[in-house]
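First up is the structure itself, then whatever we jot down about it.
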Amino acid sequence: MSEPIEIKIEKSEIENLKNFFRATTKQLNTASNVALRQTITWAKNQMVKRVAAKMKLQSKPFTEKNGKGTARIHMSVNKTDKSARFWFGLYRISVARFKPRQVGKVTKGRKRRKDSRAGVVAGLGGSIFRQGAFLMKLSKKDGSSPVVPYQVMKRVGNKRLPIKKEVIAYDLVADDIQRALLPELPPRLERTLRQKLQWQTEKN
């Protein structure tokens with residue numbers, strides 16, 4: 001996703017709601033900040049949930065940090081500008097994040113005979129299958145635990161080396177889901193803002 005999802009409460013709408021609910025500036029600020037945060041958090045959760053469901057993958061790897069400590073999700077609320085943004089970074093995710101397991105086998109001998117079913121499966125119900133891939137155990141020099149115990153690798157060509165890490169790209173799916181999600185945000189933000197503002201004015 002190259003562009004972030006952004007929601008905003010227009011000044012004209014704020015004035016209309018302020019007059020309708022006879023709210024103070026403090027009440028309006030509190031309600032609008034909560035509404036923005038809840039709506040953009042809902043958008044984040046929906047993006048992760050829908051992308052994972054569409055691709056039949058576990059959702060947790062989308063919200064975890066990668067091996068370099070970089071999060072895929074960035075979310076912020078601008079209280080002054082009355083806006084909120086959410087960016088779903090489209091870094092490719094290692095297949096190793098989706099509970100991979102080895103299947104099939106390779107028969108050793110003068111000529112290695114590969115079972116067409118040999119490889120690595122991962123995802124929900126084995127939704128991912130990488131033929132010829134294998135699990136490579138990982139370890140850190142300092143003795144600490146790596147992010148994942150095994151990496152999913154595959155040989156490039158017929159020789160032992162080189163090998164490459166198997167990853168999953170989800171950019172096209174995420175772009176489609178973002179386009180479908182965007183029209184849902186303005187009415188949800190308005191509904192949430194009204195609820196929070198009503199609560200703020202009625203509790204005092």
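Odds and ends about this structure:
- Sorting Arg194, Arg97 from the fewest to the most surrounding beta carbons within 10 angstrom yields Arg194, Arg97.
- Once C-alpha pairs closer than 8 Å and six or more residues apart are averaged by separation and normalised to the residue number of the chain, the relative contact order reads 26 percent.
- Helix-derived mean residue ellipticity, 222 nm - over the chain, DSSP H n ≥ 4, -39500 (n - 2.57), to 500: -12000 deg cm²/dmol
- Dipole magnitude for the chain: computed about the Cα centre from +1 point charges on Lys and Arg Cβ and -1 point charges on Asp and Glu Cβ, it is near 1880 debye.
- Projected label distance in nm at Glu13 and Arg117, using a 7 Å step from Cα toward the beta-carbon: 5.5 nm
- Sites Lys54 and His74, calculated FRET efficiency, Cβ-Cβ separation with R0 30 Å, nearest 0.05: 0.85
- Here is the P(r) of the chain: all C-alpha pair distances, binned every 5 Å from 0, give 1, 7, 13, 14, 12, 11, 9, 8, 7, 5, 4, 3, 2, 1, 1, 0, 0, 0 in whole percents.
Computed from the coordinates by the stated procedures, all read-outs in this text should not be read as laboratory data. All values derive from a computational prediction rather than experimental measurement. Note: ideal-geometry Cβ built from the backbone for every residue, glycine included; neighbour counts use all protein chains shown.
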